[in-house]
Amino acid sequence: MMHIPELSLPRALAAAGERLPQWPHSIALATALNAAIRLKLIDGDELSALEGRVVRIRVTDAGASASVERRDGRFRAASGQAKADVVFSARATAYLQIATRQQDPDTLFFHRRLMIEGDTELGLIVKNLLDAIEWPRFLQGPEAAGR
């Protein structure tokens with residue numbers, strides 16, 4: 001298993017990242033979430049609480065954020081100016097640690113390495129969603145999802 005060390009990207013990267021358009025990140029996240037539902041890595045039926053709600057994921061040390069909302073049963077990119085119902089903020093390594101199962105979101109939250117702001121109930125739903133995704137299988141592609 002790969003070990004992801006706790007580190008922070010250089011501050012200059014965050015400063016540059018904040019000046020770049022954020023919509024490509026939102027489109028990529030919406031596409032990945034919809035693919036995860038199609039591949040049955042996420043149970044789409046459990047996402048009804050997200051309908052019409054804006055979720056923002058911030059990568060603090062990269063100066064990047066992605067905003068998505070669920071409409072008509074699909075994730076779509078939301079405007080960065082849209083008021084988010086819940087915001088998750090962490091450094092890039094924290095998200096990588098979640099994806100590789102090195103850390104769980106609860107541990108990162110209690111160690112203040114993952115911040116959740118906004119609607120608490122919605123935050124718990126999204127946190128549980130993050131924890132339930134079979135990231136290694138998802139990252140391997142569709143042929144691994146059928147196994």
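Table for the structure above
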quantity: Antiparallel bridges, percent of DSSP beta bridges restricted to the chain (to nearest 5); calculated: 70 percent
quantity: Cα centre as origin, Lys/Arg/Asp/Glu Cβ charges: the chain dipole, Debye; calculated: 420 debye
quantity: Label-reachable residues, the stretch 113-135, where backbone N falls under 20 Å from a point 7 Å from residue 32's Cα toward its Cβ; calculated: 113-117, 123-135
quantity: Counting all C-alpha pairs of the stretch 1-48, share separated by more than 14 Å (%); calculated: 70 percent
quantity: Accessible solvent surface per residue of the chain, calculated while the other protein chains remain in place, 1.4 angstrom probe, Å²; calculated: 59 Å²
quantity: Within the chain, longest stretch clear of exposed GluC sites (Glu not before Pro) (DSSP loop, no more than 16 other Cβ within 10 Å); calculated: 7-133
quantity: Surface share of carbon and sulfur [accessible, 1.4 angstrom probe, percent] for the stretch 23-135; calculated: 55 percent
quantity: Order of exposure, largest accessible area first, which applies to 58, 70, 53 with probe 1.4 Å; calculated: 58, 53, 70
quantity: Values of log10 I(q)/I(0), in the order q = 0.15 Å⁻¹, for the stretch 60-112 under a Debye, Cα-only, solvent-free model; calculated: -0.55
quantity: Computed accessible area, residue 56, all protein chains, 1.4 angstrom probe, square angstrom; calculated: 30 Å²
quantity: Gyration tensor (Cα) of the chain, equivalent ellipsoid semi-axes in angstrom; calculated: 22, 20, 15
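The values are calculated or read from the model by the stated rules, or taken from the named source; none is laboratory data. Bear in mind the structure is a predicted one, so any value in this text is a computation, not a measurement. Note that we place each Cβ from the backbone using ideal geometry, even for glycine, and neighbour counts take in every protein chain shown. Accessible surface areas use protein heavy atoms only, side chains included; no ligands, DNA or RNA. Shrake-Rupley method; radii C 1.70, N 1.55, O 1.52, S 1.80 Å.
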